[in-house]
Amino acid sequence: MIKKLEDHISYIKNFDSKDKDEIESMKIKFLGRKGLINELFSDFKNVPADQKKEYGQKINDLKNLASDKYENLKLGIKKSRKSITEDYTKPGFPISSGSLHPITLIKNRIVDIFSKVGFELSEGPEIEDDWHNFTALNLPQDHPARDMQDTFFIQQDPDILLRTHTSSVQVRYLEDNPPPLKIISPGRVYRNEAISSRSHCMFHQIEGIYVDEKVSFADLKQMILYFTKSMFGKSKLRFRPSFFPFTEPSAEVDIYWGLETETDYRITKGTGWLEIMGCGMVDPNVLQNCNIDSEKYTGYAFGLGIERIAMLIYQIPDIRLFFENDIRFLNQFK
Ligand code: DAH
């Protein structure tokens with residue numbers, strides 16, 4: 001009797017088929033209500049007592065083997081059917097990709113333009129101390145020009161603040177690196193200002209500085225001309241005298257934008273001119289504060305707001321759009 005069982009077990013083990021009917025009849029033959037396995041179970045009472053244990057185990061093995069075999073063969077049919085109907089040459093589902101933020105796009109363009117003429121990237125911390133943001137930049141305590149930028153101070157320690165401009169990176173770099181040096185520093189800056197269509201309490205700036213022997217205002221003008229040509233394709237410039245504590249002399253740069261469209265009239269207030277940046281010759285006091293010999297070295301510096309440039313290039317009317325993360329806005333820069 002055990003021999004008969006073992007024959008069935010090896011039959012099942014060797015059984016293979018891809019034919020649905022054949023598989024079903026195997027199932028009925030072994031596992032059906034009147035099938036072999038039930039028949040073997042009812043034979044159990046006739047098995048000699050000393051073989052009952054082995055017999056019982058073997059029937060169970062057979063039963064498990066048969067139902068596993070049945071399930072596996074059925075699964076195999078399903079799979080192979082699927083592989084026939086699936087067309088792997090069909091194009092895939094499109095994956096929608098993200099895009100760079102317009103501020104990042106403009107920042108990259110500006111950094112590229114200056115990298116081409118030898119400016120190196122250098123970044124500094126957004127949480128700054130008084131020395132790097134103000135004092136070393138020729139803005140001692142109680143200097144009235146500190147009010148030009150409303151500052152966020154850390155309440156527990158008025159020496160610590162959120163930097164109000166990227167000019168702080170100048171100081172950090174000058175302190176650590178002997179001239180000649182030529183760096184560009186993009187980053188976030190913070191000012192305690194009311195939020196409106198034109199101002200925001202966090203925005204982005206790019207600072208540039210070049211210090212070497214015999215650097216002159218003519219070099220500065222030439223560099224800015226190169227920048228406006230590369231960035232806007234425009235080369236009609238105007239340098240207006242201005243004041244910054246860290247530069248002497250200081251200037252604000254306007255470019256002639258033109259008066260061709262209604263938008264041109266609106267953004268230039270009917271003048272055709274647009275202010276795009278501040279600049280000047282690095283004040284000798286700043287060099288000295290950073291232990292650089294101001295008799296031997298001179299330099300120029302400039303600073304510009306990235307949002308402002310992005311608003312001009314993409315004709316964006318409201319600065320708040322940059323910070324709302326509205327997908328309908330961001331999708332336009334793919
Ligand atoms: N730090 C100035 C600001 O935030 C911008 C600036 C003006 C930077 C003139 C300069 C500069 O380096 O020379 O308004």
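The values are calculated or read from the model by the stated rules, or taken from the named source; none is laboratory data. Please read these numbers as outputs of a predicted model, since none were measured by experiment. Cβ atoms come from the backbone with ideal geometry, glycine included; neighbour counts cover every protein chain shown. Areas reflect the complete protein model, heavy atoms only, side chains present, ligands, DNA and RNA absent. Shrake-Rupley method; radii C 1.70, N 1.55, O 1.52, S 1.80 Å.
A few remarks follow.
- Sequence of Lys58, Lys27 when ordered by accessible area, the most exposed leading, probe 1.4 angstrom: Lys27, Lys58
- Nearest-ten-degree value, helix 102-115 long axis tilted from longest Cα axis of the chain: 60
- The residues of the stretch 2-85 present an accessible area of 71 Å² per residue when probed at 1.4 Å with all protein chains retained.
- Lysines with Cα under 30 Å of Lys58, excluding same-chain neighbours fewer than 8 positions away: Lys3, Lys4, Lys13, Lys18, Lys20, Lys27, Lys29, Lys34, Lys45, Lys69, Lys74
- The stretch 102-333: relative contact order as a whole-number percent, Cα under 8 Å and 6+ apart: 21
- Estimated distance in nm for a label pair at Gln288 and Asp157, the labels positioned 7 Å out from Cα along Cα-to-Cβ: 2.9
- Share antiparallel - DSSP beta bridges, the chain, percent rounded to 5: 95
- Across Thr247, Thr298, the residue with the most accessible area heads the list, and the full order at a 1.4 Å probe is Thr298, Thr247.
- Protein-only accessible surface order, largest first, of Glu307, Glu324, Glu86 at 1.4 Å: Glu324, Glu86, Glu307
- Rolling a 1.4 Å probe across all protein chains gives Phe243 an accessible area of roughly 100 Å².
- For the stretch 118-172 and the stretch 32-50, distance of Cα centres in Å: 92
- Selection from Phe323, Val286, Thr298 lying farthest towards where the dipole of the stretch 248-334 points positive, charges on Cβ: Phe323
- Rolled with a 1.4 Å probe across the full set of protein chains, the surface gives His200 an accessible area near 30 Å².
- Cα centroid separation, the stretch 196-239 to the stretch 260-334 (Å): 8
- Given charges at beta-carbon only (K, R positive; D, E negative), |dipole| of the stretch 178-246 in Debye: 400
- Pairs of lysine residues in the stretch 182-334 - Cα separation under 21 Å, sequence separation of 8 or more or cross-chain: 10
- A Cβ-based charge dipole, computed about the Cα centre of the stretch 2-85 with Lys and Arg at +1 and Asp and Glu at -1, lands at about 360 debye.
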